[in-house]
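One structure is given below, encoded as structure tokens.
Just so you know, all these numbers are worked out from the coordinates, no wet-lab data involved. The structure presented is a predicted model; accordingly, all values stated were derived computationally and were not measured. All Cβ positions, glycine included, derive from the backbone under ideal geometry; neighbour counts span all protein chains shown.
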């Protein structure tokens, strides 16, 4: 690809950002950026419900992004949502409205996936990525910590502390004193205790900060002549004195500091101070690369068919000792059936990819227990950290894996219209390969009908395979119980291609 436009949308807990970039020779060159200060995390009430005001701010911002993204195709845009929409209990009600306003799907990504994408973005801006880096990204609702080298993360963690949440909790209305600052720093230190030992064991050559809090703190230090190009321990101490002397963030008069950073500055400072103390840092450089750049590079990889999700699936197959020959049999048959239903399906069809991953992972749970293994498989797929996958990806994947055997009633209320053809193809593939044998030619053909599906099978083959024929009869009943047709038709010829 010599020239292409890509766009990343970051629905953060403090601000929403849109980054449009062009791609030349596999490098990302930012073209345009839009930032909207939404403070989504501030709209989380005690019941972890997003209030109406924060939802409205978010929808208005996404509508403005929609205007800039007109003309972009779905495969050119990736929108990700972070901590606030991970924890908001009404996120599932809000997201359809948000997607309608933006005009593109929105993925709610897990904390470690957010950390991975941040590192991808930061690593592409480092002068010497071969050094081992400690990357710290303080967001509005969470803070991500990564140790990595040469574009590969070695440790990933996301802690539930952010500049918006801490500012609201410890510095209401912007008021600051020694007691509240000490309490905020101690709370951050307690969170950091959970990763301190492991991260020290890994070690690092350089500490790097990214995103808004690190940028704002560095701006203040540079404007006051306390640091040049990096956060320093001395600069942090000088800023502490400045904040406590002011006593109220609204009374701060710091030339050059953007007004939208002021309300969340105390919480961000407290977290960064705890990071310096916990990891005994003297200096932290700053990287302009962050989540948006990481999303763009990840999207570029998918465009070139270097999808990290494929690598993750293979890694899980090895980790859980999946029978790879059986997975390949089921995979090939399930995809062949899907292509019979969708003759125009391209190799990059998103539904085809989902079915492919489900077929490869459907027997994961056998490593836990054979009885009810499909439930174990679904639990692992739905809850594990799977790099490259959004929570929505994992939820759909878990549904397919859960539904590949047994009664369909268990997913009836969860599945949507897009799921049923995938579920059928996977169930039929598993059923056809129950004896774990290969076929020289696929003995059935699947078609869509007005009220469901029709499965054609050669009469000779059905007669020679009484166990499979009985299982297919049982499968018909499963679909009938949901009010959907699966008609089994016997055809008297040597094959089923002309049925």
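How much of the pair distance distribution for the stretch 426-499 lies past 17 Å, counting alpha-carbon pairs only, in percent?
Numbers: 1125 of 2701 pairs.
Tail fraction, whole percent: 42.
Can you give the relative contact order of the chain as a percent, counting alpha carbon pairs under 8 Å and 6+ residues apart?
RCO, the chain: 12 percent.
How many nm is it between the label spots at residue 478 and residue 4, if each spot is 7 Å from the Cα in line with the beta carbon?
3.8
Sort 287-300, 17-30, 434-447 by the packing proxy (mean of other Cβ within 10 Å over each peptide's residues), most packed first.
Sorting 287-300, 17-30, 434-447 by mean packing, highest first, produces 287-300, 17-30, 434-447.
For residue 395 and residue 186, calculate 0.36 nm times their separation in residues minus their Cα-Cα distance, and state this gained length in nm to one decimal.
Values: separation 209, 0.36 × 209 = 75.24 nm, distance 3.61 nm.
Extra length available between residue 395 and residue 186 comes to 71.6 nm.
Multiply the residue separation of residue 196 and residue 48 by 0.36 nm, subtract the distance between their alpha-carbon atoms, and state the gained length in nm to one decimal.
50.4 nm
Counting DSSP beta bridges with both partners in the chain, what percentage is antiparallel, nearest 5?
Around 65 percent of the beta bridges assigned by DSSP in the chain are antiparallel ones.
In what order do 468, 201 fall by count of nearby beta-carbon atoms within 10 Å, going from fewest to most?
So the residues, fewest neighbours to most, are 201, 468.
For the stretch 156-283, what are the per-bin percents of Cα-Cα distances with bins 5 Å wide, up to the bin holding the maximum?
Answer for the stretch 156-283: a P(r) of 2, 10, 22, 25, 21, 13, 5, 2, 0 percent.
Measuring from centroid to centroid over Cα atoms, what is the spacing of the stretch 20-97 and the stretch 139-191 in Å?
22
What ranking of 82, 232 emerges when the number of other C-beta atoms within 10 Å of each C-beta is taken as an exposure proxy, fewest first?
232, 82
On a 0 to 90 degree scale, rounded to 10, what angle separates helix 178-202 from the longest Cα axis of the chain?
Orientation of helix 178-202: about 50 degrees from the principal axis.
Set the Förster distance to 25 Å, then compute FRET efficiency between residue 241 and residue 277 from the Cβ-Cβ distance, nearest 0.05. Display every interim value, and only then the final one.
Values: r = 16 Å, r/R0 = 0.65.
The computed FRET efficiency comes out at 0.95.
Just the projected area, averaged over all directions, of the convex hull on the alpha carbon atoms of the chain: how many nm²?
25.8
Against the longest alpha carbon principal axis of the chain, how many degrees, from 0 to 90 and to the nearest 10, is the axis of helix 233-246 turned?
Taking Cα atoms only, the helix is inclined about 70 degrees.
Please list 46-54, 125-133 highest first by mean number of surrounding beta-carbon atoms within 10 Å per residue. All intermediate terms of the calculation are to be shown ahead of the outcome.
Working: 46-54: 12.8, 125-133: 14.7.
The packing order, highest mean first, is 125-133, 46-54.
So how tilted is helix 308-319 from the main axis of the chain? Cα-based, degrees 0 to 90, rounded to 10.
70
Please state the Cα pair-distance histogram of the stretch 307-439 with 10 angstrom bins from zero: what percent is in each bin?
13, 48, 35, 4
At a Förster radius of 25 Å, what calculated FRET efficiency corresponds to the Cβ-Cβ distance of residue 460 and residue 341, to the nearest 0.05?
Between residue 460 and residue 341 the formula returns 0.55.
Counting other beta carbons within 10 Å of each residue's own, what order do 197, 404 fall into, fewest first? Mind showing how you got there, number by number?
Details: 197 8, 404 26.
Going from sparsest to densest Cβ surroundings: 197, 404.
If R0 is 45 Å, what FRET efficiency do you get for residue 451 and residue 206 from their C-beta distance, rounded to 0.05? Please list the in-between numbers first.
Details: r = 63 Å, r/R0 = 1.40.
Efficiency for this residue pair is about 0.10.
So how much slack lies between residue 32 and residue 350, counting 0.36 nm per residue of separation and subtracting their Cα-Cα distance, in nm?
Values: separation 318, 0.36 × 318 = 114.48 nm, distance 2.80 nm.
Length gained between residue 32 and residue 350: 111.7 nm.
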